[in-house]
Amino acid sequence: MEKIKLVLETRHFIYSLLQHVWSNQPTEEQLLQWKERLPYEFLREVSASGGKDIQIFFESLTCNSIYETAGKEREEYNRLFYTPGNQAVPMWESTYVTNEKLLFDFPTIKVREMLKKYGFEYIHIGKEPEDHISVELDFMDKLIEKSLEAVSNHDEIDFRRHMKGQKIFLENHLTKWIGPLATNIMDSTSSLYYKGFAKLLSDVIYEDSQLVNETLEAMEEC
């Protein structure tokens with residue numbers, strides 16, 4: 001169980017990191033903290049090119065350049081993801097998997113149903129679509145946290161339930177659109193920060209889907 005706990009804690013860290021990247025503009029304080037604390041070797045193991053770009057970005061960051069760099073990355077965040085009606089990169093599942101590419105389409109409803117099934121409710125329901133990448137990553141992170149709680153409580157039934165939830169959500173949602181999303185981001189920016197984290201995002205989702213499947217298969221054999 002200690003090995004499973006370590007894997008879950010690692011997954012919790014990476015999902016929390018990615019969720020923060022895609023839901024917040026970077027601040028000077030955050031960038032300086034990550035420069036010192038991010039496990040670059042681990043990130044390169046997960047995503048060779050993504051981890052490399054992230055490391056190059058942070059290694060070039062200095063106390064003298066932090067304000068200028070953070071300002072540029074915030075401007076790029078707004079240009080890519082936040083300019084009303086003119087986002088270079090849409091961040092909602094519906095815009096990648098439906099023909100009409102409209103918000104609040106069926107993927108939004110399906111995500112809402114999954115949130116409800118596992119006891120979560122989106123605070124902006126009806127105002128902002130639930131199929132934004134940051135919401136989907138946060139949901140996965142919450143399911144991982146529930147799995148960790150189940151391990152601590154030696155509750156195999158609850159552990160299986162939340163692991164199966166992760167499997168379903170990865171297969172039915174994240175793996176369906178994360179590749180095109182990451183490619184769109186990388187093609188739309190010259191920022192090593194966003195290029196690196198986009199590639200990391202794509203690699204993490206596909207590798208994690210395989211890991212979750214293997215974990216559940218191994219449990220079935222026991």
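Just so it is clear, none of the values below were taken in a lab; they were calculated from the coordinates. Everything quoted here is computed from the prediction, not taken from an experiment. Because the Cβ atoms are built from the backbone with ideal geometry, glycine has one as well, and the counts that use them run over all protein chains shown.
Place a +1 charge on the Cβ of each Lys and Arg in region 1-74 and a -1 charge on the Cβ of each Asp and Glu, then give the dipole magnitude about the Cα centre in debye, rounded to the nearest 20.
220 debye
Which order do Thr215, Thr183 fall in if you start with the one that has the fewest other Cβ atoms within 10 Å?
Ascending Cβ contact count within 10 Å gives the list Thr183, Thr215.
Pulled fully out, how much extra length does the chain show between Asn172 and Leu32, if you take 0.36 nm times their separation in residues and subtract their Cα-Cα distance?
Going from the current span to full extension adds 46.8 nm.
What are the GluC sites (Glu not before Pro) within region 9-112 that DSSP puts in a loop, where the Cβ has at most 13 other Cβ atoms within 10 Å?
Filter output for region 9-112: Glu100.
Points 7 angstrom from Cα along the Cβ direction at Glu214 and Glu41: gap in nanometres?
2.1 nm
Express in % the proportion of alpha carbon pairs of region 104-171 at distances exceeding 15 Å.
So the portion of pairs separated by more than 15 Å is 50 percent.
Please compute the contact order of the chain in relative form: average sequence separation of alpha-carbon pairs under 8 Å and at least six residues apart, divided by the residue count, as a percent.
Across the chain, relative contact order equals 28 percent.
Given the C-alpha centroids of region 183-222 and region 134-180, what is the distance between them in whole angstrom?
14 Å
Of Tyr193, His173, Leu211, which is farthest towards the positive pole of region 117-222's charge dipole, taken about the Cα centre with +1 and -1 on the beta-carbons of Lys, Arg and Asp, Glu respectively?
After comparing all options, I get Tyr193.
Among Ser49, Phe139, Leu31, pick out the residue whose Cα is farthest towards the positive end of the charge dipole of region 1-151, where Lys and Arg carry +1 and Asp and Glu carry -1 on C-beta, about the Cα centre.
Going by the charge dipole, the pick is Phe139.
Using a 10 angstrom Cβ neighbour count of at most 14 plus a DSSP loop assignment to flag exposed trypsin sites (Lys or Arg not before Pro), which longest range of the chain is free of such sites?
So the longest stretch without any such site is 1-100.
What nm value, rounded to one decimal, do you get for the distance between Ser190 and Lys116 when each label is placed 7 Å out toward the C-beta?
Rounded to a tenth, the inter-label distance reads 4.8 nm.
Largest first and to the nearest Å, give the Cα extent of the chain along each principal axis.
54, 41, 27
Under the 0.36 nm per residue contour assumption, what length would be gained going from the current alpha-carbon distance of Lys72 and Phe104 to full extension?
8.4 nm
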